[in-house]
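The values are calculated or read from the model by the stated rules, or taken from the named source; none is laboratory data. Remember, it's a predicted structure, so these values are computed and weren't measured experimentally. Please note: Cβ atoms are built from the backbone with ideal geometry, for glycine as well, and neighbour counts cover all protein chains shown. Quick note on the areas: whole protein, heavy atoms, side chains included, nothing else; ligands and nucleic acids left out. Shrake-Rupley method; radii C 1.70, N 1.55, O 1.52, S 1.80 Å.
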Amino acid sequence: MVLVKNLVTDNMWLWERGKFMNRKFLIQEMYQKYLDGEDHSLPQEEDPFWEPVTDIIVGTGNLFMTHLAYGLDFDDKISITDYKGQEVGFLYIHLTPCAANGKILTEEETFVDDPSNMVGKQLRFKVVVKRVELNLNRYPNGLRVKYKMFTEPTFTETENVIGTIPEFRHTKIFLIDEVLKSHLDYFEHGFVVFMVIGVQTDNNVSPAKANMTTKELRQLQKPPVTGQRRRMSVVGGLNEAPPGKQNDLFILRKKMKRLEQKERRLKELCEEWSARPEQDQQFEAFFREVYTFAYSKGTKVAGSNPNRRKSQLRRLSTIADEDSDGDDDSMSSHKKTNFCNIL
């Protein structure tokens, strides 16, 4: 791609190489006619230096969908890169499972340990485009964001917003009536491309620039020399991960947080039972409470096999009966053992 810029209006275009080479030959032909003293004027439609004003893609950002496979939300910024792959800013997005009325659901209602459990179920989620922050905003006529969700046949666009840091406040709800394996494959390996588009017009012509030569205009385009180049890397948050791995890190942190909560609760259970009177330390009841929590998802108990649970309780009861047949010292020692050691 070749970036073309009008030095008077600051409008820009992206040309394919073939189009650029064609314009180059036309310019050479005009110059040769000028040297030969021939008339080199052309109508505007044939002028190689003229191009109709169109909006331009400032940059694109990729939002990976891995978190949806686990029923988790994503509320963070994604990097916007230009046609050269250089970072030009950030787009803030919130993507989350939701109800039919748009209400955000909690993790306890949506989280799944295994994405295959979502097959055959209905999935509704919404996309919220918050704002965009560009390192250098050269678009006084406004910006908008354009994207296409994998379930939609057409693109979705936000409204055009003018400002240094445009606030879009765009929200759209998407529905998958029945999650298929193809959807899970897309969640695991696919992504949605968000395009930040700059609005351009011919109305922002500066009278001072209109009388300048090309050399003078090029001098204005040179950035001021500074002692330190602007840092483009971002430290902290999800950007600590390598490109393409940010969503994996996000999901792992979510899982680690849930496991830490379970660990704290298990420790609390052990402390609570250790503090009970000796006659109240019934192992079967303790095991039932720990088992229920260990197989729960947040505040809800996951569906487990009742027969398997009863079988485990019977085996533990048998072990307790065998211990009760032994000597009193052994039984007393067993009762005084901290229940945490069993886990």
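Here are a few things to note about the model shown:
- Alpha-carbon centroids, segment 122-200 and segment 5-83: separation in whole Å: 22
- Using the Cβ-Cβ distance between ALA210 and THR151 with R0 set to 41 Å, the FRET efficiency works out to roughly 0.25.
- In this label model, TRP50 and ASP202 are separated by 0.8 nm, measuring between points 7 Å along each Cα→Cβ vector.
- Neighbour net charge for ILE93 - beta-carbon separation under 10 angstrom, K R +1, D E -1: +1
- Stretching the chain fully between ASN22 and LEU3 yields a gain of 5.3 nm (0.36 nm per residue, less the alpha carbon separation).
- Ranking LEU14, TYR92, ASN135 by how far each Cα lies toward the positive end of the dipole of segment 1-136 (charges on Cβ) leaves TYR92 at the top.
- Ordering of 125-133, 28-36 by packing [mean C-beta count within 10 Å, highest first]: 125-133, 28-36
- Net charge of neighbours whose Cβ lies under 11 Å from the Cβ of THR158, counting Lys and Arg as +1 and Asp and Glu as -1: +3
- Solvent exposure of HIS170, expressed as accessible area, is near 30 Å², computed with a probe of 1.4 Å over the protein chains only.
- GLU109 accessible area, 1.4 Å probe, all protein chains in place, Å² to nearest 10: 110
- If you plug the beta carbon distance of GLU272 and ASP177 into 1/(1 + (r/R0)^6) with R0 = 56 Å, you get a FRET efficiency near 0.75.
- The calculated FRET efficiency for the pair ILE165 and LEU220, based on their C-beta separation and a Förster distance of 30 Å, comes to about 0.75.
- Surface accessible to a 1.4 Å probe, ASP113 within the full protein complex, Å²: 90
- 11 Å beta-carbon shell around VAL128, net charge (K/R +1, D/E -1): +3
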